[in-house]
Amino acid sequence: MTGKGHRISTFAFVIGATGSPLAAVMSFLGSTFPDSSEYTFFGKRRNRYHRRYTHWFIPWLALAYACFERSGWIVPRISALVDGRGAHRDVWACAGFWFMGCVLHILEDAFCGTVPFLRPWKRDVGIHVFHMSKKIGEMSWGEKNFVLCCAGISFIAFMIRTFTVNSFLEFCLNIWRNI
């Protein structure tokens with residue numbers, strides 16, 4: 001996937017799952033790190049090692065688990081970071097969501113190619129739900145549809161988390177009246 005596709009689908013998934021804008025932003029920031037770290041580790045040989053060692057989900061998942069365990073499995077709150085009370089737990093939760101962005105990046109890459117599963121040097125797991133565009137940085141038609149579906153499903157999940165049935169019906173009626 002392109003960086004744009006990773007950022008949009010990761011942000012949408014996390015905000016839909018948690019309802020937390022801060023958690024979604026932290027995941028958004030971590031969502032392109034597996035690709036960008038390849039430049040640091042491999043330099044000009046990046047394409048030779050693409051989707052290998054940096055796309056092995058086990059270290060990223062272990063780091064996310066360690067951060068979430070340290071945070072007490074909370075969703076980070078901006079208010080706690082601002083006033084400082086118990087902020088260390090929220091900082092750990094932010095780090096956990098950053099690493100979850102890396103995990104989601106790898107999962108998203110598995111939908112358009114292969115990534116390592118148990119052996120980090122061998123790409124062996126994945127399905128081709130869509131193909132990438134031949135132009136670097138351009139989203140293909142299939143990727144746009146995939147990202148749109150992820151965002152739509154996440155929006156529905158966010159709405160369900162945010163509204164009760166009665167408040168959702170009232171919200172829809174207010175929109176209908178104002179059209």
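Of note:
- Put a plus charge on the Cβ of each Lys and Arg, a minus charge on the Cβ of each Asp and Glu, and nothing anywhere else: the dipole of the range 3-177 about its Cα centre is then about 600 debye.
- Per-residue ellipticity at 222 nm from helix content only, as computed over the chain with -39500 (n - 2.57) for each DSSP H run of at least four residues, stands at -21000 deg cm²/dmol.
- Peptide packing for 90-98, 107-115 was compared via the average number of neighbouring C-beta atoms within 10 Å per residue; ordered from the highest value, the list is 90-98, 107-115.
- The range 29-101, dipole about Cα centre (Lys/Arg Cβ +1, Asp/Glu Cβ -1), debye to the nearest 20: 380
- Reachable lysines, given that their alpha-carbon falls under 18 Å from the alpha-carbon of Lys144 and they are not under 8 places away in the same chain: Lys4, Lys134, Lys135
- The range 51-179, Rg to Rh (Cα coordinates; Rh as Kirkwood inverse mean 1/r): 1.09
- Dipole of the chain, positive end: most advanced residue of Gly96, Phe155, Trp56 [Cβ charges, Cα centre]: Trp56
- Scaled radius of gyration (Cα, divided by 2.2 N^0.38 Å) that the range 45-94 gives: 1.59
- Rounded to 0.05, the FRET efficiency of the Leu61 and Phe171 pair, given R0 = 30 Å and the Cβ-Cβ distance, is 0.25.
- Contact order relative to length of the range 86-147, as percent, for alpha carbon pairs under 8 angstrom and 6 or more apart: 20
FYI, it's all coordinate maths here, none of it is from the lab. Bear in mind that the values here come from a model prediction, so they are computed numbers and not experimental data. With ideal geometry, Cβ positions are generated from the backbone for all residues, glycine too; neighbour counts draw on all protein chains shown.
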